[in-house]
Ligand code: H79
């Protein structure tokens, strides 16, 4: 009998594994549409494509810059780059292991490259044979496998799609070495015949798509952006659109620059896409891994300013996420297991002075604009929920934690790491608050003091 139940359970589970849920219905309001994103705070970005094969090196030469830009940086002709597909056979790829890693890291959504600027579709596309199912010996659809693994684990799943640059296509933006200047191309021909139909495919064949991540909107106009937005709304009205569809296409939230964390609180919904080393797509020479301490600080910092952190890994040509970022992300996840209340669903700081102050050298951005210098302070950050302030302390002070400009009265304080919520001694004089701390911080990365407040 037990055996029968076991086999029936296995049967039921494997049946569930083969089907994707239907897309979600239209949300009743923008707030309802944004709800999961506002709770999530922390997502996994995955850059995976043919560029994982050269690993940042072409014909024995290291190619400077981002790994996924190698075709552009080395000006590799389409006819040569295409041959990489014949070598793509990531036999170690296991969708469940990737989703498990994201869950272990405390990440609440996954976004993967369905097509990057190189034009190669990482899913089974019927629009272009230049895709992972038809053009490689792998002959599988890894994004279908990931969509299924995410559905089994209730992990929101979304796609990056490079709508404007496509270096494989005569009329796509970006490939000037094979096809000449962009302003002489029939860009709408490329949009109509490849990008728009492929966006329809990824919104049709992979179950609910939590968001679609457009990028580098070269040659995009209001009309061209609206065509994509209309496709998304028609096929999956619950799917969020990021902030890079086009110059006149607002999207559902704002995308900050790559690895660009604002200095201050920013109102509205936004996200910082960021790397765990320097590149997005795998590059064997880039071992400059961010530490768990640094990534935890950035997650708390971004949350305290009101945004989300979308943190990238670049799997190898074998289909494996490099071990160093796996280990580092799992350390962030262990911190979140104890301290996640300070992050998930939390709002920005009501203070601001703790974030830092103007000073240091000015910088130029890539458009030549001057960015005034700012000295980032790193002692603590504050995140909020109704009636609660979460102080994540990176630099544990001796004796007491002091904060000024407190609005309202602190009725109780305790360490988030202390399951018994043993009260810490609070002294408040007007808007000055002092909370007595134990000598040693409970966590070596950062420890959270919760203050409950009343008006
Ligand atoms: O997908 C990741 C990057 O490939 C993509 N956005 C993130 C999420 C991205 N596309 N473009 N950029 C980022 C800006 C790229 C700038 C550079 Fe370059 C690429 C600097 C050097 C190589 C463009 C080409 C500017 C100089 C040469």
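The values are calculated or read from the model by the stated rules, or taken from the named source; none is laboratory data. The shown structure was predicted, so the numbers you read here are calculated from the model rather than taken from an experiment. Here Cβ is always computed from backbone atoms with ideal geometry, including for glycine, and neighbour counts include all displayed protein chains.
Taken as a whole, the condition of being over 12 Å from the mean Cα position of the chain (by Cα) and within 13 Å of the ligand (Cβ to nearest atom) does not apply to residue 268. Which pairs do you get when a residue that is farther than 14 Å from residue 148 by Cβ, found in the stretch 16-38, comes within reach of a residue that is outside any loop (DSSP other than H, G, I, E, B), reach meaning Cβ atoms under 6 angstrom, with the pair 6+ apart or on two chains? That search, which allows pairs on different chains as well, returns 27/33. Among the residues of the stretch 60-80, none qualifies, meaning not one is under 25 Å from residue 238 (Cα atoms) and either out of contact with any strand residue (DSSP E or B) (no Cβ under 6 Å at 6 or more places or on another chain) or touching a residue at least 60 places away in the same chain (Cβ under 8 Å) (or both). Of all positions in the stretch 101-121, at least one carries a residue that is assigned to a helix (DSSP H, G or I) and either within 13 Å of the ligand (Cβ to nearest atom) or touching a strand residue (DSSP E or B) at 6+ places or on another chain (Cβ under 7 Å) (or both).
Inspection of the stretch 431-444 finds a residue satisfying the criterion of being within 17 Å of residue 301 (Cβ to Cβ) and under 30 Å from the mean Cα position of the chain (by Cα).
Pairing each residue of the stretch 114-143 that is farther than 25 Å from residue 218 by Cα and at pLDDT 95 or above with any residue that is in a loop (DSSP other than H, G, I, E, B) and within 16 Å of the ligand (Cβ to nearest atom), provided the two are 6+ apart or on different chains, yields C-beta distances under 9 Å for 132/49; 132/120; 132/122; 135/120; 141/122; 142/48; 142/122; 143/122.
Yes or no, residue by residue, for (1) within 30 Å of residue 357 (Cα to Cα); (2) outside any loop (DSSP other than H, G, I, E, B):
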{"position": "215", "(1), (2)": "no, no"}
{"position": "224", "(1), (2)": "no, yes"}
{"position": "227", "(1), (2)": "no, yes"}
{"position": "251", "(1), (2)": "no, no"}
{"position": "257", "(1), (2)": "yes, no"}
{"position": "262", "(1), (2)": "yes, no"}
{"position": "268", "(1), (2)": "yes, no"}
{"position": "278", "(1), (2)": "yes, no"}
{"position": "294", "(1), (2)": "yes, yes"}
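Of all residues in the stretch 398-422, those satisfying the criterion of being surrounded by fewer than 13 Cβ atoms within 10 Å (Cβ to Cβ) and farther than 26 Å from residue 306 by Cβ are 398, 399, 419, 420, 422.
Only one of the numbered conditions (1) within 16 Å of the ligand (Cβ to nearest atom); (2) part of a loop (DSSP other than H, G, I, E, B) is violated by residue 317, and that is (1). The residues in the stretch 232-249 that are over 19 Å from the mean Cα position of the chain (by Cα), surrounded by fewer than 19 Cβ atoms within 10 Å (Cβ to Cβ) and more than 16 Å from the ligand (Cβ to nearest atom) can be counted, and the count is 5.
Name the single residue that is surrounded by the fewest Cβ atoms within 10 Å (Cβ to Cβ) among those in the stretch 194-224 being under 23 Å from residue 126 (Cα atoms) and free of Cβ contacts under 8 Å to residues at least 40 places away in the same chain. Among those that are under 23 Å from residue 126 (Cα atoms) and free of Cβ contacts under 8 Å to residues at least 40 places away in the same chain, it is 204. Residue 187 falls short on exactly one of the conditions (1) closer than 21 Å to residue 120 by Cα; (2) out of contact with any strand residue (DSSP E or B) (no Cβ under 8 Å at 6 or more places or on another chain), and that condition is (2). Taken together, the criteria place residue 128 among residues that are part of a loop (DSSP other than H, G, I, E, B), surrounded by 19 or more Cβ atoms within 10 Å (Cβ to Cβ) and touching a strand residue (DSSP E or B) at 6+ places or on another chain (Cβ under 8 Å).
Residues in the stretch 155-181 that are within 15 Å of the ligand (Cβ to nearest atom) and assigned to a strand (DSSP E or B): 158, 159, 160, 161, 165, 173. Looking at the stretch 203-231, which of its residues are within 16 Å of the ligand (Cβ to nearest atom) and in contact with a helix residue (DSSP H, G or I) (Cβ under 8 Å, 6 or more places away or on another chain)? Within the stretch 203-231, 211, 212, 214, 217, 218, 219 qualify.
Any residue at all in the stretch 356-379 that is closer than 20 Å to residue 433 by Cβ, in contact with a strand residue (DSSP E or B) (Cβ under 9 Å, 6 or more places away or on another chain) and crowded, with 18+ Cβ neighbours inside 10 Å? No, every residue in the stretch 356-379 fails to be closer than 20 Å to residue 433 by Cβ, in contact with a strand residue (DSSP E or B) (Cβ under 9 Å, 6 or more places away or on another chain) and crowded, with 18+ Cβ neighbours inside 10 Å. Scanning for something buried (at least 18 other Cβ atoms within 10 Å of the Cβ), under 29 Å from residue 132 (Cβ atoms) and either free of Cβ contacts under 8 Å to residues at least 24 places away in the same chain or more than 16 Å from the ligand (Cβ to nearest atom) (or both), does the stretch 295-305 turn up at least one residue? No: zero hits. Do you know which of the residues in the stretch 23-79 that are over 22 Å from the mean Cα position of the chain (by Cα), part of a helix (DSSP H, G or I) and within 28 Å of residue 203 (Cβ to Cβ) is farthest from the ligand (Cβ to nearest atom)? The selected residue is 78.
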